[in-house]
Amino acid sequence: QVQLVESGGGLVQAGGSLRLSCAASGRTFSSLAMGWFRQAPGKEREFVGVMSSTGDSTYFADSVKGRFTISGDHAKNLVFLQMNSLKPEDTAVYYCSAGGSTVVVRAAQGYWGQGTQVTVSS
């Protein structure tokens, strides 16, 4: 079992930046691929990005590629989603996810956090 707790959401103006954090516990962090999803009101949850367990590979949705990055602090069991050049359409609840591989995470078959709200004003 893996427990995930997100933090760092909030209100930001368009063009601004925000960094989300996800704290993982319950399983060796280095064995987990870590990812992020988001869900806007009235829409389905969508994949944002994922980082491999080794940290040497990341994959992103086309909608955020070049603006978002994922990094990890293995010593503190933390993963971060750095969001730059934010747009109003990035407004959503952002969820952290963890799984045994990037395939598992991207398929939305991993563990989930409770989510954190990100609101981008125009």
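The values are calculated or read from the model by the stated rules, or taken from the named source; none is laboratory data. Keep in mind that what you see is a predicted model, and the values were worked out from it rather than measured. We place every Cβ from the backbone using ideal geometry, glycine too, and count neighbours over all the protein chains shown. The protein model used for the area step is the full one, side chains on, heavy atoms only, and it has no ligands, DNA or RNA in it. Shrake-Rupley method; radii C 1.70, N 1.55, O 1.52, S 1.80 Å.
For a Förster distance of 41 Å, can you work out the FRET efficiency between the beta-carbons of Gln3 and Ala40, rounded to the nearest 0.05?
0.95
Return the carbon/sulfur percentage of the accessible area of the chain, one whole number, probe 1.4 Å, all protein chains in place.
48 percent
When Lys and Arg each count +1 and Asp and Glu each count -1, what net charge do the other residues less than 13 Å away from Gly99, Cβ to Cβ, add up to?
Within the 13 Å Cβ shell, the charges total +2.
On average, how much accessible surface per residue is there in the chain, in Å², for a 1.4 Å probe, leaving out ligands, DNA and RNA?
Using a 1.4 Å probe on heavy atoms only, each residue of the chain averages 49 Å².
Using a 1.4 angstrom probe with every protein chain in place, what is the largest-first accessible-area order of Glu6, Glu44?
Accessible-area ranking of Glu6, Glu44, largest first: Glu44, Glu6.
Leaving ligands and nucleic acids out of the surface, order Tyr94, Tyr59 by accessible area at 1.4 Å, largest first.
From most accessible down to least: Tyr59, Tyr94.
For Lys65, go through the lysines and keep the ones whose alpha-carbon is under 23 Å away, minus same-chain ones fewer than eight residues off.
Within reach: Lys43, Lys87.
Helix-derived [θ] at 222 nm for the chain: sum -39500 (n - 2.57) over DSSP H runs of at least 4, divide by residue count, nearest 500?
-1000 deg cm²/dmol, from helical runs alone.
Net charge within 14 Å of Ile70 by Cβ-Cβ distance, Lys/Arg positive one each and Asp/Glu negative one each, not counting Ile70 itself?
+2
Full-extension gain between Ser25 and Asn84, please, as 0.36 nm times their residue separation minus the C-alpha to C-alpha distance.
Net length gain for the segment: 18.5 nm.
Suppose the chain between Thr54 and Arg67 were pulled fully straight at 0.36 nm per residue; how much longer would it get relative to their current alpha carbon spacing?
2.5 nm
What net charge is computed for the residues neighbouring Trp36, neighbours being all others with C-beta under 12 Å from the C-beta of Trp36, Lys and Arg scored +1, Asp and Glu -1?
Surrounding charge for Trp36 is +1.
Could you calculate the FRET efficiency of Ala108 with Ala14 from 1/(1 + (r/R0)^6), where r is the beta carbon distance between them and R0 is 30 Å, rounded to 0.05?
For Ala108 and Ala14, the calculated efficiency is 0.60.
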